[in-house]
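The values are calculated or read from the model by the stated rules, or taken from the named source; none is laboratory data. Owing to the predicted nature of the structure, the values given are computational and were not obtained by experimental measurement. Here the Cβ positions follow ideal geometry from the backbone for every residue, glycine too, while neighbour counts run over all protein chains shown. Protein only, heavy atoms only, side chains kept; ligands, DNA and RNA dropped before computing areas. Shrake-Rupley method; radii C 1.70, N 1.55, O 1.52, S 1.80 Å.
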Amino acid sequence: MKKKPFVKILSLALAAITLFVLCACGTAASSPAAVPVSDAAPTEASAASNGVLDEIKASGELHITLSPDFAPMEFIDSSKDGQEQYVGLDVFLAKYIADYIGVKLVIEPMSFDACQTAVYTASVPMSVSGYVWTEERAESYEISDYYYDGDNKIEPVILIRTADAEKYTSSEDFNGVDIGAQNASLQMQLVTSQLPDANPVAVGDVGTGVLELQNGSIEALAVAKGNAEIIMDANPDLVLCPWEFTITEETEAFVILITKGETALLNVVNEALAKAYSEGMYGAWHDEAVALAKVVNGTEE
């Protein structure tokens, strides 16, 4: 995985006082190959109290939020019940983190924007739901290390109807056009900033957005490329628009959102991410999630 130029990586050479300062400020995202935080010298403050991490261990449960409409990262397998119906790469990763901590995973499904609100208000300590780094999120949350930037392309794209393939080929073609995107998503941010003359339309979830695109309620839908590939596989009446957003290097990999100030939980999560990376888990999880998404969508037996 690529190193990011803005990333602050904890080093074994840091003195204990430096580690305390970094944790107090909230560590920024770094590569999963970074040295696990547990190898650094613990501080007196962290030894005294680990905040919500202590509560998680005491309860025996790690509660997370996710929006299960983003295959292959998180989606619903309707052939299963209860917690088992939530599947995808992010779900596999969340279970791995819970196992690493030694507790049970409890998924609380919400809309994409509600997931972020829940973590911001500390009603749920963590959200694993296909997030990318943004400046606004870095100010509001503890941001984990990057954990996956492989075959599941994060780059935002625009889905249009196949019949409109020649109609929308440039940014100007979207002037005055209704473009759907999830509220509080990177896609919505890019639509409003890079297509300022379009009409952004908030959609509750990606599935609803697809239906609105197909029935003509909107003319285009902004989604992540990996998600778009799953959608097109099940809906041949939809194609990618040849025009593309301009994105920065910071948005090329996924991160986890954690309640601001919960640095003990952040450190343990980063340890788990590094361990999963060293074991080569992300590629296997991605392949399993894609195969399962095709079965769920009825495009593969």
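Quick notes on this one:
- Residue 78 surrounded by 20 or more Cβ atoms within 10 Å (Cβ to Cβ) and hydroxyl-bearing (Ser, Thr, Tyr): no
- Any pair with Cβ under 9 angstrom, 6 or more apart, that starts in segment 163-184 at a residue that is within 11 Å of residue 197 (Cβ to Cβ) and ends at one that is at pLDDT 95 or above and surrounded by fewer than 12 Cβ atoms within 10 Å (Cβ to Cβ): 171/197; 172/197; 174/197; 175/197; 176/197; 177/197
- When each of 90, 54 is tested for being of a type in the set (D, E, K, R), open to solvent by less than 30 Å² (accessible area, probe 1.4 Å) and modelled with pLDDT of 95 or more, the lone residue that passes is 90.
- Residue check, residue 122 open to solvent by 20 Å² or more (accessible area, probe 1.4 Å), part of a loop (DSSP other than H, G, I, E, B) and either more than 19 Å from residue 183 (Cα to Cα) or in contact with a Phe, Trp or Tyr (Cβ under 6 Å, 6 or more places away or on another chain) (or both): yes
- Residue count, segment 185-206 (criterion: among the hydrophobic types (A, V, I, L, M, F, W, C) and surrounded by fewer than 18 Cβ atoms within 10 Å (Cβ to Cβ)): 1
- From the options 45, 71, residue that is open to solvent by 20 Å² or more (accessible area, probe 1.4 Å), at pLDDT below 95, aliphatic (A, V, I, L, M) and over 17 Å from residue 119 (Cα atoms): 45
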